[in-house]
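Asks: Sharing a structure with you now.
The values are calculated or read from the model by the stated rules, or taken from the named source; none is laboratory data. Quantities reported herein were computed from a predicted structural model and do not represent experimental measurements. Ideal geometry is used to build each Cβ from the backbone, glycine not excepted, and the neighbour counts take in all protein chains shown.
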């Protein structure tokens with residue numbers, strides 16, 4: 001079984017994506033073959049050992065919005081890959097304990113947003129009836145809000161989902177509309193009406209979502225600092241940690 005992990009790490013997200021990839025592989029204790037697909041404007045091959053299982057995809061985006069809205073196209077570009085499963089994770093996801101693929105594997109999988117039960121009294125679905133992301137307030141269906149930071153499943157099923165969401169996105173662009181939560185709004189519309197085969201509940205989530213390690217202005221960052229990039233390249237065979245805005249070798253690795 002081969003599992004592809006998709007990461008979009010353009011601009012200020014590069015080192016966060018590198019951290020996630022290295023920590024993922026370090027803590028992974030499953031039996032599947034793991035292959036990372038790293039979309040970035042910086043060649044990640046220069047920052048990892050020669051035998052590291054990553055495919056670099058040269059991917060430039062002009063800003064954060066363009067980056068997050070490119071998810072569907074990036075994943076669709078992998079349709080001919082030999083992966084059995086594909087899973088998307090945000091670049092600022094963090095890993096800190098042993099795991100296997102059992103916690104996230106499934107035919108088509110979504111993750112319950114951590115705020116779904118914590119503070120979302122009214123779910124932040126797109127309520128614009130002109131939008132293809134529209135979910136009505138008077139819906140009779142259960143209202144669970146899903147992460148845009150994590151989803152995936154069997155490759156052929158994920159591709160069907162991505163083609164659907166891409167169509168929604170294109171239709172909204174034709175009328176000049178951007179959903180309230182961008183790509184996440186489309187995913188939530190589809191999962192609301194056609195729930196995934198498996199939902200990973202927030203309490204079952206094995207990784208940390210949106211864990212930037214002090215890189216708090218990633219949406220506005222044009223680039224990681226030169227000093228941090230040099231350090232990462234000089235330590236390509238090490239597992240990286242990011243905390244308080246600093247990059248260093250992860251302890252106990």
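Asks: Determine whether segment 31-41 contains at least one residue that is more than 23 Å from residue 184 (Cβ to Cβ) and touching a helix residue (DSSP H, G or I) at 6+ places or on another chain (Cβ under 8 Å).
Replies: Within segment 31-41, one or more residues are more than 23 Å from residue 184 (Cβ to Cβ) and touching a helix residue (DSSP H, G or I) at 6+ places or on another chain (Cβ under 8 Å).
Asks: Which numbered condition trips up residue 166, out of (1) without any contact (Cβ under 8 Å) to a residue 12 or more places away in the chain; (2) in contact with a helix residue (DSSP H, G or I) (Cβ under 6 Å, 6 or more places away or on another chain)?
Replies: The number of the failed condition is (1).
Asks: Answer with yes or no whether residue 158 is within 17 Å of the chain's Cα centre (by Cα), farther than 29 Å from residue 121 by Cα and not in a loop (DSSP other than H, G, I, E, B).
Replies: yes
Asks: Kindly state which strands (runs of 3 or more DSSP E) lie completely within segment 1-109 and contain at least 2 residues that are crowded, with 18+ Cβ neighbours inside 10 Å.
Replies: Fully inside segment 1-109 and qualifying: 2-8, 33-40, 85-89.
Asks: When you look at residue 132, is it in contact (Cβ under 8 Å) with a residue 24 or more places away in the chain, in a loop (DSSP other than H, G, I, E, B) and over 30 Å from residue 243 (Cα atoms), yes or no?
Replies: Answer is yes for this residue.
Asks: So which residues in segment 160-181 are within 26 Å of residue 3 (Cα to Cα) and in contact with a strand residue (DSSP E or B) (Cβ under 8 Å, 6 or more places away or on another chain), if there are any at all?
Replies: 161
Asks: Please tell me if residue 139 is farther than 23 Å from residue 21 by Cα, in a loop (DSSP other than H, G, I, E, B), in contact (Cβ under 8 Å) with a residue 24 or more places away in the chain and touching a helix residue (DSSP H, G or I) at 6+ places or on another chain (Cβ under 8 Å).
Replies: Yes: the conditions hold for residue 139.
Asks: Here are some conditions: (1) modelled with pLDDT of 95 or more; (2) more than 21 Å from the chain's Cα centre (by Cα); (3) under 30 Å from residue 117 (Cα atoms); (4) part of a loop (DSSP other than H, G, I, E, B). Residue 172 meets all but one. Which one does it not meet?
Replies: (4)
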